[in-house]
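This report concerns only the one structure given below.
The values are calculated or read from the model by the stated rules, or taken from the named source; none is laboratory data. Since we're looking at a predicted model, the values are computed, not measured. Here the Cβ is made from the backbone with ideal geometry for all residues, glycine too, and neighbour counts use every protein chain on show. The protein model used for the area step is the full one, side chains on, heavy atoms only, and it has no ligands, DNA or RNA in it. Shrake-Rupley method; radii C 1.70, N 1.55, O 1.52, S 1.80 Å.
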Number of protein chains: 2
Amino acid sequence: MSKPHAHAVVIAIGDELVRGQCVDTNSAYLADRLGEAGIRTVEHCTIGDELPAIVDAFRRAAGTADLVVATGGLGPTEDDLTRDALAQAMGVDLTLCSTCLADLEAFFHERGRPISQANRRQAMLPVGTERLANAVGTAPGIAATLGSAAVFCLPGVPHEMRTMYDQQVAARLGAGGNVILHHAVHTFGAPESEIGATLADLMTPDAHPRLGTTAKIGVISVRFSVSGATIEGAQAQIRQTSDVIRQRLGEIVFGEGEETLASAVGNLLQQRGQTLATAESCTGGLLGETITAVSGASAYYLGGVVAYANPVKQQFLDVPGDVLASCGAVSEPVAAAMAQGCRRRFNSDWALSVTGIAGPTGGTADKPLGLVYLAVAGPDGTDVRRHHITGPRAFVRQRATWIILNDLRVALTKA
Amino acid sequence: MSKPHAHAVVIAIGDELVRGQCVDTNSAYLADRLGEAGIRTVEHCTIGDELPAIVDAFRRAAGTADLVVATGGLGPTEDDLTRDALAQAMGVDLTLCSTCLADLEAFFHERGRPISQANRRQAMLPVGTERLANAVGTAPGIAATLGSAAVFCLPGVPHEMRTMYDQQVAARLGAGGNVILHHAVHTFGAPESEIGATLADLMTPDAHPRLGTTAKIGVISVRFSVSGATIEGAQAQIRQTSDVIRQRLGEIVFGEGEETLASAVGNLLQQRGQTLATAESCTGGLLGETITAVSGASAYYLGGVVAYANPVKQQFLDVPGDVLASCGAVSEPVAAAMAQGCRRRFNSDWALSVTGIAGPTGGTADKPLGLVYLAVAGPDGTDVRRHHITGPRAFVRQRATWIILNDLRVALTKA
């Protein structure tokens with residue numbers, strides 16, 4: 001398994017996935033990581049817990065690509081059929097892997113639980129394959145060869161899958177051909193078609209690298225891939241292309257790669273040595289959660305109040321009761337008072353507030369579903385904006401969170 | 001297109017998806033909705049923005065299934081190739097759809113913006129196909145026939161895709177064969193292998209319905225599908241099977257279908273006419289966000305404090321400064337004081353607190369990464385528990401949120 005792999009097919013196995021009861025996040029993770037190793041993923045395929053479908057998927061993938069990575073179906077229960085399907089595709093039997101059994105016994109011993117008969121099934125591997133140790137769960141993975149393709153079977157639990165990929169699979173992929181790196185430049189504040197028009201000449205099929213755009217709740221990302229003989233060479237191409245994109249798009253660009261609106265805001269606050277607090281009504285904590293998803297947020301984020309009930313807006317944020325009564329909780333004066341009260345109570349440099357009607361109930365002709373007031377209170381005063389966001393509850397809440405973070409970003413870059 | 005469809009293949013198109021830069025949520029949504037219409041999805045396939053790959057995927061899907069639903073590649077930019085690929089697979093040309101152009105002109109007119117040349121591309125359809133109106137965005141969808149399969153092409157933006165499916169596609173699927181309904185019974189508090197052992201006889205390939213389990217950050221769901229001539233008949237089977245599962249698994253079952261730990265807690269609070277408030281440190285708002293993701297949460301959830309910095313724990317939750325200094329923020333006494341202070345300040349029946357080290361930095365030998373203290377303060381006192389959660393930052397935060405909600409659920413059922 002030391003020859004370089006060029007193309008991969010990623011297979012996700014599970015009734016819950018093909019039926020749509022769960023969203024598959026494993027395939028995206030794997031494709032991203034494989035790209036880092038210089039391997040281009042050409043297809044993802046999702047199939048259910050049916051032996052013939054899994055056998056067929058293995059065979060077809062091994063015919064298409066020289067690397068196949070499958071996730072799921074390695075658990076202890078009767079519907080976990082990946083072991084059986086791989087054996088059948090290879091034309092071999094299952095055999096007890098004594099190392100796997102020892103691993104499983106140790107896993108349960110450490111936790112003071114007896115090993116169950118169901119877990120013993122997990123120690124069966126197709127003849128001629130190798131076990132991949134699972135450092136954080138019970139399901140061992142499998143490394144195998146099917147036709148001319150290398151096959152890796154990993155657990156479906158994302159946390160276990162990622163650990164096994166990092167610890168066991170990445171090193172076995174050998175030196176690929178060119179390094180392939182993916183990159184994205186993220187924007188907020190302009191429609192996709194406008195960005196597409198500005199970058200049209202870089203988005204044609206013969207452009208190198210060819211740019212593509214994706215839209216997610218208002219965040220428009222410009223994506224591209226580069227390949228090079230070395231990581232350094234590929235990184236230089238990324239830098240060059242990103243600079244062109246930044247030059248053309250200007251201040252709507254808020255970050256690249258793993259950067260988010262929250263991390264962009266965090267960087268700006270840290271550069272300025274300033275602090276932030278939040279006052280949320282309809283987002284219910286999502287704004288604070290988004291800010292603190294960034295590791296190290298404690299350097300600038302002090303905390304916040306989720307002022308869901310009106311008395312909480314008065315008690316914790318000093319919103320005047322008469323303003324609440326006369327204007328209603330979803331109004332410009334209340335948004336302003338929430339942000340100002342928050343800034344004062346937390347003694348922060350900046351404070352953000354969100355009040356709105358996330359739906360699906362609670363709208364009126366006057367104040368429709370999706371009406372949101374967002375305020376930024378800072379050293380130079382308070383700025384309140386009214387937005388009408390059309391979409392389901394989760395969409396309204398997420399979009400409101402992005403808008404207010406972007407408002408703060410713009411305010412910080414101008415401050 | 002009025003004959004019933006039995007099997008579907010769902011195709012997701014986009015470089016960002018096949019490369020793993022974005023997670024595809026559309027395919028799961030569609031598979032779930034198609035199941036409601038009695039159509040079984042047998043495969044999801046994800047491919048990039050490459051004309052030959054998309055043409056091939058259309059042809060292969062139309063050979064496998066009698067219904068093909070594709071998402072993505074209908075945008076205004078150069079990398080949007082679904083229109084071209086479908087035309088090529090059908091062996092026809094693209095032609096200007098004047099209704100599409102009128103829709104686009106109206107869309108931009110309403111927003112006071114001129115229509116761009118890029119957006120005009122969106123008005124081109126393969127000859128002999130039908131446009132699906134887009135009520136919330138610019139990309140029209142396409143209804144076509146390829147070989148003996150019906151094909152629907154929908155936008156990749158989830159919000160637009162869902163609206164178009166609901167408004168345009170669902171009604172065109174005709175009366176399917178049997179109704180297929182998917183269901184899940186959700187548990188928290190026991191390992192998957194234990195649940196698998198308890199239900200083993202119902203998980204074999206010949207069981208009807210055959211149960212399967214999935215694990216997600218501690219929530220173990222028991223899933224199954226039923227089919228029946230009528231919705232009522234299928235629902236009766238769901239009821240019957242769910243009752244068997246509930247009987248065998250007991251109090252670890254917290255809900256079914258769309259129910260979450262947050263909605264289960266919400267129902268229990270509403271039944272009792274009681275209220276809830278939250279005090280969060282390391283989860284940064286995730287607990288409040290999770291509780292308020294349930295529409296109608298304002299009936300029992302008053303609000304919360306995100307006490308990220310230590311002074312906020314003192315100022316807003318009355319955590320004594322000497323306890324913070326002597327025990328540290330991540331400790332049993334601080335968790336207890338946060339929950340008690342929160343309950344008193346909000347004057348709620350129940351209060352929850354979370355304090356911990358989500359990582360990836362900040363751990364010590366004494367207080368390792370993933371150490372979390374969770375407290376439930378209620379009418380009968382305060383209960384604090386220590387947990388050590390192994391995993392990345394987002395995993396620790398999510399798992400802590402589920403555990404504390406489940407602790408409250410158990411407390412409420414016993415209260």
Toward the positive end of the charge dipole of the protein assembly as shown, about the Cα centre and with charges on Cβ (Lys, Arg +1; Asp, Glu -1), which of B:Ser353, B:Thr364, A:Val222 goes farthest? B:Ser353
With +1 assigned to the C-beta of every Lys and Arg and -1 to the C-beta of every Asp and Glu, and no other charges, what is the dipole magnitude of segment B:261-414 about the Cα centre in debye, to the nearest 20? 220 debye
What length, rounded to one decimal in nm, is gained on full extension from B:Ala135 through to B:Ala299, with 0.36 nm per residue of separation minus their alpha-carbon distance? 55.7 nm
Residue farthest toward the positive end of the dipole of segment B:7-172, with Cβ of Lys/Arg at +1 and Asp/Glu at -1: which of B:Gln88, B:Leu132, B:Pro52? B:Leu132
Order the following by accessible area, largest value first: A:Ser298, B:Ser116, A:Ser221. Probe radius 1.4 Å; ligands, DNA and RNA are ignored. A:Ser298, B:Ser116, A:Ser221
Which chain A residue comes nearest the axis with its C-beta when you rotate A onto B, and by how many angstrom? A:Gly285, 2
Defining the label point at 7 Å along Cα→Cβ, can you sort the distances from B:Arg272 to the same site in each other copy, shortest first, in nm? 4.5
Cα extents of segment A:321-380 along the three principal axes, largest first, in whole Å? 36, 22, 17
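Note down the relative contact order for chain B as a percent, whole number, built from C-alpha pairs under 8 angstrom at least six residues apart.
Reported as a whole number, the value is 11 percent.
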Contact order relative to length for segment B:179-256, counting C-alpha pairs under 8 Å separated by 6 or more residues, stands in percent at 45 percent
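If you take the alpha carbon radius of gyration of chain B and divide it by 2.2 N^0.38 Å, what ratio comes out, to two decimals? Let's see the in-between values first.
Working: Rg = 26.0 Å, N = 415, 2.2 N^0.38 = 21.7 Å.
Ratio of Cα Rg to 2.2 N^0.38 Å: 1.20.
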Quick one, can you get me the convex hull of the C-alpha atoms of segment B:1-66 expressed as volume per residue in Å³? 79 Å³
For B:Glu259 and B:Ala190, what does the FRET efficiency come to when R0 = 22 Å and r is the distance between their Cβ atoms, rounded to the nearest 0.05? 0.80
Nearest-10 value in Å² for the accessible area of B:His159, using the 1.4 Å probe: 40 Å²
Counting only the backbone N, which residues of segment B:20-44 are under 11 Å from the spot 7 Å out from the Cα of B:Gln240 toward its beta-carbon? none
Each label sits 7 Å from Cα toward the beta-carbon; between A:His7 and B:Glu110 the label points are separated, in nm, by 4.3 nm
Starting from segment B:63-169, pick out the trypsin sites (Lys or Arg not before Pro) whose DSSP state is loop and whose Cβ has at most 10 other Cβ atoms within 10 Å. B:Arg111
When each copy gets a label point 7 Å from Cα toward the beta-carbon at B:Pro205, what are the spacings between them in nm, shortest first? 4.3
FRET efficiency for B:Ala207 and A:Ser326, Cβ-Cβ distance as r, R0 = 60 Å, nearest 0.05? 0.45
For chain A, longest principal axis from Cα atoms; helix A:261-272 axis from its Cα atoms; angle between them, nearest 10 degrees, is 60 degrees
Chain A: most fluctuating residue of A:Arg113, A:Arg223, A:Arg272 per GNM, C-alpha cutoff 10 Å: A:Arg113
Would you mind working out the magnitude of the charge dipole of chain B relative to its Cα centre, with +1 at each Lys and Arg C-beta and -1 at each Asp and Glu C-beta, to the nearest 20 Debye? 640 debye
Sort by residue number and report every cysteine in the protein assembly as shown with no other cysteine beta carbon within a distance under 4.7 Å. A:Cys22, A:Cys45, A:Cys153, A:Cys282, A:Cys327, A:Cys342, B:Cys22, B:Cys45, B:Cys153, B:Cys282, B:Cys327, B:Cys342
For segment A:179-256, size of Cβ-based charge dipole, Lys and Arg +1, Asp and Glu -1, in debye: 120 debye
Per 5 Å bin, what is the whole-percent P(r) computed from every C-alpha pair distance within segment B:195-242? 5, 20, 25, 22, 16, 9, 2, 0
For the protein assembly as shown, what is the convex hull volume of its Cα atoms per residue in Å³? 166 Å³
Where N is the number of residues in segment B:231-323, Cα Rg divided by 2.2 N^0.38 Å: 1.50
Taking Cα atoms only, helix B:98-110 is inclined relative to the longest principal axis of chain B by an angle, in degrees rounded to 10, of 40 degrees
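Roughly how big is the B-A contact, given as buried accessible area in Å² (both sides, 1.4 Å probe, nearest 100)?
Approximately 6600 Å² gets buried when B meets A.
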Report, in whole Å, the centroid distance computed from the Cα atoms of segment B:355-379 and segment A:295-373. 29 Å
Among A:Ile245, A:Ile180, A:Ile217, the residue with the largest mean-square fluctuation in a Gaussian network model of chain A built from Cα contacts under 10 Å is A:Ile217
Using a 7 Å offset from the Cα along the Cα-to-Cβ direction at both B:Arg344 and A:Asp383, what is the distance between the two label points in nm, to one decimal? 4.1 nm
Over 22 Å [Cα-Cα, segment A:7-172], rounded percent: 36 percent
Enclosed volume per residue, in Å³, of the convex hull spanned by Cα atoms of segment B:261-414: 93 Å³
Accessible area (Å², 1.4 Å probe, nearest 10) - B:Lys216: 140 Å²
Through the Karplus equation 6.51 cos²θ - 1.76 cosθ + 1.60, θ set to phi - 60°, convert the phi angles of segment A:15-31 into ³J(HN,Hα) values in whole Hz; use x for Gly and Pro. 4, 5, 7, 5, 6, x, 7, 10, 8, 7, 9, 5, 4, 5, 4, 5, 4
So what's segment A:81-127 giving for Cα Rg divided by 2.2 N^0.38 Å, two decimals? 1.27
Which percent, nearest 5, of DSSP beta bridges in chain B are antiparallel? 60 percent
What are the extents of the Cα atoms of segment B:156-235 along their three principal axes, listed from largest to smallest and rounded to whole Å? 44, 32, 20
Using a Förster distance of 56 Å, how high is the FRET efficiency between A:Leu51 and A:Thr364, based on the Cβ-Cβ distance and rounded to 0.05? 0.50
What ranking of A:Thr99, A:Thr355 comes out by heavy-atom accessible area, probe 1.4 Å, highest first? A:Thr99, A:Thr355
tail above 23 Å in the computed P(r) of segment A:67-162, as % of all Cα-Cα pairs, reads 18 percent
Report A:Trp402's accessible area, 1.4 Å probe, all protein chains in place, as a number in Å² to the nearest 10. 50 Å²
Show that you can apply the helix-only estimate: for the protein assembly as shown, add -39,500 (n - 2.57) for every DSSP H stretch of four or more residues, divide by all residues, and state [θ] at 222 nm to the nearest 500. -11500 deg cm²/dmol
